[in-house]
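What follows draws every value from the coordinates through simple rules; no lab data is involved. Source: prediction; values computed, not measured. Note that we place each Cβ from the backbone using ideal geometry, even for glycine, and neighbour counts take in every protein chain shown.
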Ligand SMILES: *Cc1c(COP(=O)(O)O)cnc(C)c1O
């Protein structure tokens, strides 16, 4: 498995090590998941409409402070439709965080647009608004059709900030730049459901947000996603595009190319049961992160993820950076040592401006993303991680780094 792939694969105990290995991140189905799935099966609502879909849309949107939610088959599908809703057109450019999972950049390509990758800031590893501002001011010009990238001549249409690892992007300056330059904002909150930026949950700040309910995300539906917005007409259009753009409910009349992107009622049933537990899920993730942070604070050459004063992180995946100048062999050596101890960990993603799949894309100077991406390792972060198992992880990290 590649790093990117495995970091987003549901870890199965025993899949990568001894049978008693500690997985990276597995779901905890401790609530009404089974009861609600049974209800969906017994009532014969198993497909793309049903009471759990309606409830899931209502409650997930409400949780992030949005008035509308449109459930989708995946977070990637939500991003695809989100970019269409933002009127990104073929040949346009979209500014995207480079230190992120590949899905948002791929979604930009699905609509025929081109990503421009933006570096991460060094403190919380999120999209760097200063570098974004610099790019907009110095690499673009205002033309008759909007903002134009001087180098490629492409119209810059939107910003796609990705809240990574459970922590929010500093959104105020991003939203201010978007307003100043007339750009749409599509938030990727797939990894940060339950996180707060200043006083509100992330997802609905920029007008359009995308969520994921993949198996390894904080709230899971087995798989699934959602577009959230406060704009009723955007929500209506999202529903239209995700249901094959049906213009006539009886005749098969379609004025546009639509998609079959609707979430099933069975999956929504799991999602509803998970949502009932969201506060305890976030609390468990934060507890795991706090224990790691305490244990690792004294270690030289180890930087554990931090939380900004303006943020409440959902601490989705507890992640540390290993300084290879202090610890010979760096992150990879630690990863292998953990594996020998039956502990699954995952390197952070290859920054997207270095991804062969996006070769040739425009980018700001991305040296921070390269530093963080090259040093980052995510540790076991399941909400069900026992303190005993976590101590085993901590001991193994300390033993390796204190050698
Ligand atoms: C998981 C993830 C997605 C995609 O969600 P899927 O439901 O797996 O399609 C998008 N963006 C980010 C940042 C993610 O981590």
Cα centroid of the stretch 188-237 to Cα centroid of the stretch 277-326, whole Å: 22
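Give the calculated FRET efficiency between residue 41 and residue 310 to the nearest 0.05, with a Förster radius of 30 Å applied to their Cβ-Cβ distance. Walk me through the intermediate numbers first.
Values: r = 44 Å, r/R0 = 1.48.
Result of the calculation: an efficiency of 0.10.
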Selected from 90, 115, 249 as most flexible by GNM, with the chain as the system and alpha-carbon contacts under 10 Å: 249
For the chain: relative contact order, % (alpha-carbon pairs under 8 angstrom, 6 or more apart): 24
Extension gain from residue 386 to residue 257, taking 0.36 nm per residue of separation minus the Cα-Cα distance: 41.6 nm
Top of 371, 154, 180 by mean-square fluctuation, Gaussian network on the chain, Cα under 10 Å: 180
Least to most buried among 246, 285 (fewest other Cβ within 10 Å first): 246, 285
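Can you give the extra length, in nm with one decimal, that the chain gains between residue 403 and residue 333 once fully stretched, where that is 0.36 nm per residue apart less the Cα-Cα distance? Could the numbers behind the result be given before it?
Details: separation 70, 0.36 × 70 = 25.20 nm, distance 1.20 nm.
That pair, residue 403 and residue 333, stretches by 24.0 nm at full extension.
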Of all DSSP beta bridges in the chain, antiparallel share, percent nearest 5: 60
Reduced Cα scattering model of the stretch 153-221, Debye log10 I(q)/I(0), q = 0.23, 0.29 Å⁻¹: -0.94, -1.30
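Test of understanding: ordering 333, 34 by Cβ neighbours within 10 Å, fewest first, what list do you get?
On the way: 333 16, 34 12.
Going from sparsest to densest Cβ surroundings: 34, 333.
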Virtual spin-label span in nm between residue 109 and residue 326, 7 Å along Cα→Cβ: 3.7
Label point distance in nm, residue 179-residue 67, each placed 7 Å from Cα along Cα→Cβ: 1.9
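What is the Å³ per residue value for the convex hull set by the Cα atoms of the stretch 251-374? All intermediate terms of the calculation are to be shown ahead of the outcome.
Details: hull volume 31.3 nm³, N = 124.
Hull volume normalised by residue count: 253 Å³.
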Residue exposure sequence - 263, 336, 183, 165 - by fewest surrounding Cβ within 10 Å: 336, 183, 165, 263
Inter-probe distance in nm under a simple model that places probes 7 Å from Cα toward Cβ, at residue 244 and residue 134: 5.0
